[in-house]
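Peer 1: Dropping the structure in here first, questions after.
Values quoted throughout were computed directly from the atomic coordinates according to the rules given, and no laboratory measurement underlies them. Not measured: the values here are computed from a predicted model. A quick note on method: Cβ atoms are made from the backbone with ideal geometry, for glycine too, and the neighbour counts reach across all protein chains shown.
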Amino acid sequence: MDVFLTSPWIPPEWVRAHGLQPRGLGSAENFPPGAQPLSAGICAFAEAAVRFAEARTDGAVIFSTACDQLRRGFDTAILRGQRRAFLFNLPATWQTAAAGRIFRSELERLGEFLCAVGGRAPSPEVLRQEMAQSSRTRERLIESAAASSPRGFAEAVARFHWDGAFWPPPPAAPAKQTPLALVGGPFLAPHWKWLDELEAAGGRIALNATEMGERSLSPVFELEAGADGMRQSSTVGRDSVEPKLDFQGKSQGSTESRPAVTHPVTDAFRANHAFDALVRGYCENIVDVFQRPNTRLYSWLKTRLESRQARGIVLWLFTGCDLWRAEAQTLRETFGLPVLLLEAGAEPGAAPRELNRLQAFAETLR
Amino acid sequence: MNEAPRKLSLDQWDGRYEQLRRDGLREPAYGGPLRRHVVREKDFRLQQLQFDNSPAALRLWNFLLTENERLHQARAGGEKIVGAMKDLGTVPVMACALPGARAFYPDGAWWTPCLMECSDKLLQQAERMGLDASFCPVRAMLPAFEHGGHFPRPDLLVCSAGAVCDDFSAIAQRLEHLGHSIFWWEIPRRRHPDFGETACPLPGNLAAPKTQVDCVRAELQRVAGALGELAGITLDNDRLAAGIRAANQARQLLDSLRRAVYGAPAAPLPALEMLVAEMLAIHFCSDRPETIAVLGGLLAEAQTRARRGQFVAGAEAARIFWVNPVADLRAMNLLEELGGRICGSDYMFTHALDLIPENLPPLEALARIALADPMAGPTSDRAARIVRECQAGRAEAVVVSRIPGASHCAREGEIILEMVRRKIGIPAIELEIPPVCDALRPSLASRLQALVETARARRPQ
């Protein structure tokens, strides 16, 4: 069964270890599904996710709490009768042990849900293999990011989110184009042609930091070296910005024990290194705008904006996305770069007005 | 001193105030004529409002409109000021448990553009700071922090994160970027306990998994540590328990007031004053003992009027349940002008109206009340409470009032309205009220009028 994930921070490795097929929702064919009538304030991505969940009753859809729109979109999906939907509580804070405990507990719950919809209880070894596999693919994608064609890279990352496979992105054609960064929310297939248009206008996305770009590849696992060649610790293209936290199940300062859970492998996994590494690998490396504070996003961007010599930032968001919209000014102030705000509305694909603005931005910075 | 209840304009209140003074009105230190808030604070909106004519209402308005002044005085007197953000009802209970500390919600600045009829230009300043009209009017908080002139800068800023409104979270993050350090704490999205999972009952007829309660309790323990450090005193269980008892005293009074007004066959107090009174629950308008006194005065007034059969809206008024606070206070007057009255409300902080359990360890009790936040859980939970209270209050119609730009409003209205229609089948509408709604008054009035007429038409002949 296909299990569609609305966020890159919901581990596909965990789904695959349950014998189910994780699919990045943003990579799904025909997503978003055509123009949709939207009520005031509704984000087109969240609405598309709700409609997708309604239509795909043969699969399961995992929503996340990363934003109000998806969180409440889940409520709508349930109200409309979708029973194979799950809401994954992504903690907003990250500097305390509580965040790790929430994430861990949500993975356990997700495991129960996956078993309930037809998955099988995973073994630690299977999980470890899945983590090793996805880790290798992420690394290869990250290594290729700087030198790849922007569109090819976007396609390769989307492919990874769709089926976990590595398809080497074609190298960028040598040209004197203005390097830009694309920062923001989900950048979907209907929008990829903007990358071509941008190149034609003399610009090039040197850093794709959208939710479907390089930023989504940041999870990294520290597994004990094993037969699969998993390294002790990864540093390639990644920042370790925070101290390690206590992600064990027991609450610090709490004398009460955890309640019994019904996931058949939970107890085994609680003491299992691979599961612990999965929790840490995500919690310590999520780079996103919804985190509080969102300084990790800015640290991540700073390194890459400098190394890719970005001369401007294209801030990409869906209309109704307050979280990204509010960052426009902070991005300008922090990096001292011009920022162009580009909005995706209800119509999939590139709106002529927005395309014009993008071309003008590239021309201005040439 | 006592007059039959009626509503007065600000001009009429000038005369009424003089008469009350002549009759020997005794006022607290923040008392005085309402007019001075227009003259000194430029609260021009007061000139467009209709106020209740009781001394209790006068005290309520003066209490509300002097909050910034009282906060500055407290700061000058050496007290520590805590800026609580977003949780609407929990952190202030903790802060007020410490001697020499008081808490307020900078979020409250969202009413400043309304009160000052945008003459303060806070919304325009917010736009220049990167927050345009696509954000909720709470964005007024940002320039209020940056440029001062409203509330004092808090000694400690505490903000909940997680299951909160995106626009608020984004504004708070912007505030931190501008150099105002924030203590963030996690409020997870409340969910129903899974099969076999240990469940904890929450106020408001809700339940949450024990793991979530434990998580929030641990987060509030961190908050308690930060508050204690600020005050130089440990915020221990005894202090917290005393704080909870005092908070419950205010909540009990408010509960009695709501029952006395919303449950009466006709309204002994106006909708506008009731909205303001309910707002006192979230942080006691920076002064808990005075909140208790103000609420006590309103309750006595409501009970006296009900006993005498004196009302501001008669039994013929359509009984309306109102969801979400209004960005323009004038809207509450408008409803009554059009023949409606409030018989129940959910102004987004029903968890601040419920009693905090006193039979639990204090942080556990506070964690449960924080998790009972209607905005932190499924919208269907909120809608279910609205349905229950509509039934209890014999509501004839529901208004879901949208807050412009608020992320939660994009979807919740649809869910609430659908559940109301499906479960109790009463008419319901959604409408949006901007900080100054004069330009929209004709369309708002027609929609409200239509609702009121529909509700009345459904009455048995």
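Peer 1: Specify whether the C-alpha gyration tensor of region B:251-457 places it in the rounded, prolate or oblate class, a ≥ b ≥ c being the square roots of the eigenvalues: rounded for a/c under 1.5, otherwise prolate if a/b is larger than b/c and oblate if not.
Peer 2: The shape class here is oblate.
Peer 1: State whether region B:97-209 is rounded, prolate or oblate according to the following rule on the C-alpha gyration tensor (a ≥ b ≥ c being the square roots of its eigenvalues): a/c under 1.5 gives rounded; otherwise a/b larger than b/c gives prolate, and the remaining case gives oblate.
Peer 2: Prolate, because a/c is 1.5 or more and a/b exceeds b/c.
Peer 1: May I pose another question? Using only the alpha-carbon atoms of the protein assembly as shown as identical scatterers, what base-10 log of I(q)/I(0) does the Debye formula give at q = 0.05, 0.09, 0.11 Å⁻¹?
Peer 2: Rounded to two decimals, the profile gives -0.27, -0.88, -1.28.
Peer 1: Would you work out the relative contact order for region B:251-457, in percent, from Cα pairs under 8 angstrom that are 6 or more residues apart?
Peer 2: Reported relative contact order: 23 percent.
Peer 1: For the ranges B:445-455, A:91-101, what's the packing order if you count other beta-carbon atoms within 10 Å of each residue, average per peptide, and put the highest first?
Peer 2: Per-residue mean Cβ counts within 10 Å order the peptides as A:91-101, B:445-455.
Peer 1: What are the ³J(HN,Hα) couplings of region B:231-246, residue after residue, when phi is run through the Karplus curve with 6.51, -1.76, 1.60 and θ = phi - 60°? Round to Hz, x for glycine and proline.
Peer 2: Here the 3J(HN,Hα) series is 7, x, 9, 5, 8, 8, 4, 5, 5, 5, 5, 5, x, 5, 4, 5 Hz.
Peer 1: Related question: What does the charge add up to near A:PRO179, with Lys and Arg as +1, Asp and Glu as -1, over the other residues with Cβ less than 9 Å from its Cβ?
Peer 2: +3
Peer 1: Looking at region B:76-239 only, what percent of DSSP beta bridges run antiparallel? Nearest 5 please.
Peer 2: Of the beta bridges lying entirely in region B:76-239, close to 25 percent run antiparallel.
Peer 1: When DSSP beta bridges are limited to those with both residues in region B:251-457, what percentage is antiparallel, rounded to the nearest 5?
Peer 2: Once the DSSP bridges in region B:251-457 are tallied, antiparallel ones form about 5 percent.
Peer 1: Of the DSSP beta bridges with both residues in the protein assembly as shown, give the percent that are antiparallel, rounding to the nearest 5.
Peer 2: 10 percent
Peer 1: Can you give me the relative contact order of region B:355-461 as a percent, contacts being Cα pairs under 8 Å and 6 or more apart?
Peer 2: Relative contact order comes out at 25 percent.
Peer 1: Another question, if that's okay. Run the numbers on region B:10-98 and let me know its relative contact order in percent, using alpha-carbon pairs under 8 Å that are six or more apart.
Peer 2: RCO, region B:10-98: 26 percent.
Peer 1: For the pairs A:LYS302/B:LYS121; A:LYS193/B:LYS121; A:LYS302/B:LYS80; B:LYS86/B:LYS121, note any where the Cα-Cα span goes beyond 30 Å.
Peer 2: A:LYS302/B:LYS121; A:LYS193/B:LYS121; A:LYS302/B:LYS80
Peer 1: What is the mean number of Cβ atoms from other protein chains located within 10 Å of the Cβ atom of each residue in peptide A:72-79, rounded to a whole number?
Peer 2: Neighbouring Cβ atoms belonging to other protein chains average 6 per residue here.
Peer 1: State whether region A:2-124 is rounded, prolate or oblate according to the following rule on the C-alpha gyration tensor (a ≥ b ≥ c being the square roots of its eigenvalues): a/c under 1.5 gives rounded; otherwise a/b larger than b/c gives prolate, and the remaining case gives oblate.
Peer 2: Taking the square roots of the gyration eigenvalues as a ≥ b ≥ c, region A:2-124 is oblate.
Peer 1: How far, in nm, would the chain grow between B:ASP194 and B:GLU27 when pulled straight, counting 0.36 nm per residue and subtracting the alpha carbon separation?
Peer 2: 54.7 nm
Peer 1: For B:LEU202, enumerate residues with amide H under 5 Å from its amide H, sequence gap 5+ or separate chain, H modeled in the peptide plane.
Peer 2: Long-range HN contacts for B:LEU202: B:ALA207, B:ALA208.
Peer 1: Packing-wise, with mean Cβ within 10 Å as the measure, how do B:345-351, B:26-32, A:161-167, A:134-140 rank, highest first?
Peer 2: Ranking the peptides B:345-351, B:26-32, A:161-167, A:134-140 by packing returns B:345-351, A:134-140, A:161-167, B:26-32.
Peer 1: Just tell me how shielded A:325-332 is by partners: mean number of partner chain Cβ atoms within 10 Å of each residue's Cβ, no decimals.
Peer 2: If you average over the peptide's residues, the count of other-chain Cβ atoms is 6.
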